[in-house]
Structure formats: C-alpha cells, structure tokens
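Asks: Just dropping this structure here.
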Amino acid sequence: MNEFITKNRSLLLETEELLNKQIKLEAVSSAIYLSMASWCEIKGYQNSSNFLYAHSEEEKMHMMKLFRYVNEAGGHALQPEISGVPLKFTSLRKIFEQILEHEIEVTKSIHTLVDHCFSNKDFTTFNFLQWYVTEQREEETLARRILELFDIIGEEGLGLWTIDQEIGKLGAGNASSATAV
Ligand code: OFO
C-alpha cells in the first residue's frame, strides 16, 4: 500500500478484519442457500427452490456491497475461502429451521460490527451498516413466517405441497421489496 493511501486510510485494521469476516459470512450464506435450492429442486419443491436460488443471489449482493465498501474505504477486501457446505438436507422444515438459526448468527455478527464502529467513532461505517441491520430484521421475520406455515398448514397429505406454494408467494413479495432497495 503506498504512503498516501496508508496515511489516508479511513478504516482501522480491526474494523477491516471484522468487515472481511462479514464478507465471508455472507459468502457462506450464499453458498448454503444455493445448496439448499438444489436439494429442494431435486425433491420437487420448486417454489422453495426458486425462493432459495433468489436468496442465494441476494446474499451474494450483500457480500459484494461489503466487498466494494472495504476497498473504497482504503482497506483490502479478501476473496473468502469456503468449504464444508452441506449438500444434503433431511426435510423442507429442517431447511427453514437452519436458515432461521443461520440468520440469527448473521444478525449477531452485524450487531458486533455496528457496536465496534460506534465505540471507535467510525460513523461512516456505522452508517453504512444500518442497511444490514434493517435487512437482518426482515430476513429473520421472513424465516419465522415460513416456519409458521409448517405449524398452521401441517405436513400431512397435501400439506407440504401447499406450504411450498405459500413459500413461493412469500418469496415473490420479498423479491419485489429487495429490488426496491
Ligand atoms: Fe441474510 O445475511 Fe446477508 O446480511
């Protein structure tokens, strides 16, 4: 890094490290959702599969927003290495339970970053991260609403087919709000 950039970098090294960790987490989210989409597709849950393919793309976009921000702020965004992505799943319900658990972890990680930026008076990054705070609230709510479908509709008979249809509708609503961002 040249002297001008070193003197003018606006990111603390610790902040850069945390942002790179977040980049990796978003990349992992994208990879897991892609794997889930594929499993749903071969099992015949076409609407859930479409929902998850779109969700995987969204997570990639979350990763790229962070990636570009780190370099713009004078840091170095690191291409994350990902391994150990699960390829098989036990049920449609289990997939959405795993998604909720995963998103709760992502929210915690974003909050750690926000807290760190506030404590270090990095108000620019703090401000940048507010988008993620709102996004995480929406993603957790969506995963909870999908899980409610399993309890309300039940999985017997045509239950799973109906749940898959409803997931398709929730996904379509979410896609239009995502493009509005
Ligand atoms: Fe759903 O994780 Fe991105 O922000």
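Asks: At 10 °C and a viscosity of 1.306 mPa s, what translational diffusion coefficient does Stokes-Einstein give for segment 34-92, taking Rh as the Kirkwood radius over Cα pairs? Give it in µm²/s as a whole number. Numbers along the way, then the final one.
Replies: Working: Rh = 13.2 Å.
Stokes-Einstein gives a translational diffusion coefficient of 120 µm²/s.
Asks: Also, quick follow-up: Along each principal axis of its Cα atoms, how long is segment 106-147 end to end? Whole angstroms, biggest number first, please.
Replies: If we take the Cα atoms of segment 106-147, the spans are 38, 14, 8 Å.
Asks: Hey, another quick one. So which lysines pass the test for Lys24, namely a Cα distance under 19 Å, with those fewer than 8 places away in the same chain ruled out?
Replies: Candidates past the 8-residue exclusion: Lys60, Lys65, Lys108.
Asks: Another question about this same structure. Counting every Cα pair in segment 48-128, what percent are over 14 Å apart? Please list the in-between numbers first.
Replies: Values: 2462 of 3240 pairs.
When every Cα pair of segment 48-128 is considered, 76 percent fall beyond 14 Å.
Asks: Here is a follow-up. How long are the three semi-axes of the equivalent ellipsoid of the chain, in whole Å, if each is the root of 5 times an eigenvalue of the C-alpha gyration tensor, listed from largest down? Display every interim value, and only then the final one.
Replies: Values: eigenvalues 252, 50, 33 Å².
Those come to 36, 16, 13 Å.
Any read-out appearing in this document is the output of simple, stated calculations on the displayed coordinates, not a laboratory observation. This structure is a prediction, so every number in the text was calculated from the model and none was measured.
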